[in-house]
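This report concerns only the one structure given below.
The values are calculated or read from the model by the stated rules, or taken from the named source; none is laboratory data. Because the structure is predicted, anything quoted here is derived from the model rather than measured. Don't worry about glycine lacking a Cβ; one is built from the backbone with ideal geometry, like all the others, and counts go over all protein chains shown. When the accessible area is computed, the model is the full protein with side chains, heavy atoms only, and any ligands, DNA or RNA have been set aside. Shrake-Rupley method; radii C 1.70, N 1.55, O 1.52, S 1.80 Å.
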Amino acid sequence: MILKVENLVKKYGSLEAVKGISFEIDRGEVFSIVGPNGAGKTTTIKCITGLRNPTSGNIVLNGAYSYLPEEKRLYKSYTIEKMLEISGYVSKYFDKKRAYEFIKRFKLPLDEKVANLSHGMMTQLYLAIVFSEDVDLYILDEPTWGLDPVIRNEVLEIIREMAMNGKSFLITTHILPEVEKITDKVAIMKDGSFVEMDYLDELKEKYVAVVVEVNKRVEGGYLYKTTSQEKVYIVEKERAKGDYQPVDFETIFQALVKGEKK
């Protein structure tokens, strides 16, 4: 076990941003938290990294971590090469040789100033620095936001490679196809709480779609879609009656986050 979070609560005055969530991440595991904006994903990460003080709960981290924040900010007056040099001074876990390999892999110009980088290039530079840390856990907040499809797939491939070599990841994202490519375990977060958490394959087996006439309802299901003639509910397979159809993760996510539970 690399990370254990127990009953984490974070309040800002009367606002309860995180409402008693619990989860664990094992060595070599990719754990993703997905949810709409304002669900509490970034607040959760900031509590784990110590950037916010939890109101209550317990966090146990067995090892070192590296953190990619949602806002990617680096020294604008420095070149990429200078940023790598500075990173080597700042962190004892930083592997400069590995950093140069990532810069080459991302095809970033070493002599370019950070101020001249596009949003996507800035993210790639930040990822190169984070991935070059020889730590146990990589905490990535929206790691591929703003990247083009080719680079995005490259980043996902790097995460897969590192996980296969025993590195663990905690990732927040709203890009659901990415979740299916790299995630072992996923938590769906809404209004500060986990509405579902399981291994991704188990989650896709757990829920199915049930179609009924428009004047009927499925008890315990999430109303996903309504037409003039029928309703579509997403429901746990063991509670489904009659015919049902398999569903993908995106449909499950949409139903649990936006659907109305009956």
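For this structure, a couple of remarks:
- Residues that are aromatic (Phe, Trp, Tyr) and either over 25 Å from Gly166 (Cβ atoms) or at pLDDT 95 or above (or both), drawn from the range 68-99: Tyr75, Tyr78, Tyr89
- When we screen Glu219, Glu180, Glu202 for residues that are part of a loop (DSSP other than H, G, I, E, B), open to solvent by 60 Å² or more (accessible area, probe 1.4 Å) and farther than 20 Å from Leu68 by Cα, the only hit is Glu219.
- For Phe253, the conditions (1) farther than 17 Å from Lys41 by Cα; (2) touching a Leu at 6+ places or on another chain (Cβ under 7 Å); (3) in contact (Cβ under 8 Å) with a residue 60 or more places away in the chain are fulfilled apart from (1).
- Per the listing Pro149, Pro143, the residue uniquely loosely packed, with under 14 Cβ neighbours inside 10 Å and farther than 17 Å from Ile234 by Cβ is Pro149.
- Subset of the range 222-234 that is farther than 14 Å from Lys258 by Cα and not in a loop (DSSP other than H, G, I, E, B) - its residue that is nearest to the chain's Cα centre (by Cα): Lys231
- Residues being part of a loop (DSSP other than H, G, I, E, B) and open to solvent by 60 Å² or more (accessible area, probe 1.4 Å) - total across the range 78-102: 4
- Looking only at residues in the range 225-243 that are at pLDDT below 90 and hydroxyl-bearing (Ser, Thr, Tyr), the one that is nearest to Val195 (Cα to Cα) is Thr226.
- Unique residue being touching a strand residue (DSSP E or B) at 6+ places or on another chain (Cβ under 7 Å) and of a type in the set (Ser, Thr, Tyr) when the list is Thr226, Thr173: Thr173
- Listed by first and then second residue, the pairs linking a residue in the range 77-94 that is on the phi < 0 side of the Ramachandran plot to a residue that is open to solvent by 80 Å² or more (accessible area, probe 1.4 Å) and assigned to a loop (DSSP other than H, G, I, E, B), with Cβ atoms under 9 Å apart and 6 or more places separating them unless they lie on different chains, are Thr79/Asp111; Ile80/Asp111; Glu81/Asp111; Lys82/Tyr75; Met83/Tyr75; Ile86/Tyr75; Tyr93/Asp134; Phe94/Asp134.
- Looking at Ile159, Ile175, just one residue is at pLDDT 95 or above, closer than 29 Å to Gly28 by Cα and not aromatic (Phe, Trp, Tyr), and that residue is Ile159.
- Filtered residue count, the range 45-66, keeping only those that are in contact (Cβ under 8 Å) with a residue 60 or more places away in the chain and under 23 Å from Lys19 (Cβ atoms): 4
- In the set Glu157, Glu133, Glu112, Glu161, only one residue is without any contact (Cβ under 8 Å) to a residue 40 or more places away in the chain and under 21 Å from Tyr93 (Cα atoms); that residue is Glu161.
- Looking only at residues of the range 183-199 that are part of a loop (DSSP other than H, G, I, E, B) and more than 17 Å from Gly28 (Cα to Cα), we find that the one that is most open to solvent (accessible area, probe 1.4 Å) is Asp191.
- Residues (in a loop (DSSP other than H, G, I, E, B) and open to solvent by 20 Å² or more (accessible area, probe 1.4 Å)) located in the range 118-140: Ser118, Asp134, Asp136
- Residue in the range 32-40 that is touching a Cys at 6+ places or on another chain (Cβ under 6 Å) and modelled with pLDDT of 95 or more present: no
- Subset of the range 106-115 (residues that are exposed (fewer than 14 other Cβ atoms within 10 Å of the Cβ) and not hydrophobic (A, V, I, L, M, F, W, C)): Lys107, Pro109, Asp111
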